[in-house]
Amino acid sequence: PEGVTSIGSNAFQFCSNLTNVTLPSSLTTIGFNAFSFCDSLTSIVVPEGVTSIGSEAFKNCTAMVSVVFPTSMQAVGDRAFARCSGLEEVHISDLNSWAAIRFSDDEANPIFHAGTLFLSGAPVKSLRIDPTWELPRQNNSYNFRYLTSLEEVHIPVEVKSLNKDIFIGC
């Protein structure tokens with residue numbers, strides 16, 4: 001219900017018949033393993049206000065086809081979307097917010113399986129690196145790896161460097 005601010009660790013782990021979840025707008029965090037092995041869950045809309053998703057939160061949600069990320073997201077833990085082999089679509093409404101998310105590893109980012117990032121309903125095929133983005137903010141940046149829908153990248157002269165592997169798998 002509204003008022004819930006956190007989905008705790010292991011809260012719905014192994015709920016194999018769970019097909020749909022409606023998360024409240026009051027939610028701010030999704031914990032470690034919160035929905036892991038919910039292998040009938042088909043999609044998740046992470047509400048605006050959620051700032052973090054814990055490690056392995058959606059691990060092995062093999063029926064999951066789509067994920068909607070809010071602009072408020074700041075961090076996604078290790079392997080949060082590991083083995084989500086059915087993922088096809090990751091939806092966002094703001095590219096700058098997406099670029100600011102700290103993904104802990106390849107499988108923290110649902111693009112690892114989906115391959116396509118949808119910005120306001122359209123697949124991202126062209127990307128212009130914004131000089132104000134702090135890419136990469138860490139040793140490796142996982143925000144755009146495995147984005148197989150990507151056809152072209154524009155790097156303006158103001159961008160002085162990009163870290164290794166930033167577009168690996170594209």
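The values are calculated or read from the model by the stated rules, or taken from the named source; none is laboratory data. Source: prediction; values computed, not measured. FYI the Cβ positions are ideal-geometry reconstructions off the backbone, even for glycines, and counts take in every protein chain you see. Please note that ligands, DNA and RNA were not included when accessible areas were found on the heavy atoms of the full protein model with its side chains. Shrake-Rupley method; radii C 1.70, N 1.55, O 1.52, S 1.80 Å.
Brief remarks follow.
- Selection count where residues are out of contact with any strand residue (DSSP E or B) (no Cβ under 8 Å at 6 or more places or on another chain), at positive phi and at pLDDT 90 or above, scope region 121-170: 2
- Set Ser52, Ser93, Ser72: member being under 22 Å from Ser141 (Cα atoms) and crowded, with 17+ Cβ neighbours inside 10 Å: Ser52
- Among the residues of region 60-89, those that are in a loop (DSSP other than H, G, I, E, B), hydroxyl-bearing (Ser, Thr, Tyr) and in contact with a helix residue (DSSP H, G or I) (Cβ under 9 Å, 6 or more places away or on another chain) comprise Thr71, Ser72, Ser85.
- Residues considered: Phe144, Phe112, Phe81, Phe103. Of these, the only one that is open to solvent by 40 Å² or more (accessible area, probe 1.4 Å), closer than 19 Å to Ile168 by Cβ and in contact (Cβ under 8 Å) with a residue 12 or more places away in the chain is Phe112.
- Cβ pairs under 6 Å, 6+ apart, first in region 150-170 and within 19 Å of Val124 (Cβ to Cβ), second open to solvent by 70 Å² or more (accessible area, probe 1.4 Å) and of a type outside the set (Gly, Ala, Ser): Glu151/Lys125; His154/Arg128
- Per-region count, region 6-59, residues in contact with a Gly (Cβ under 9 Å, 6 or more places away or on another chain), part of a loop (DSSP other than H, G, I, E, B) and of a type in the set (S, T, N, Q): 8
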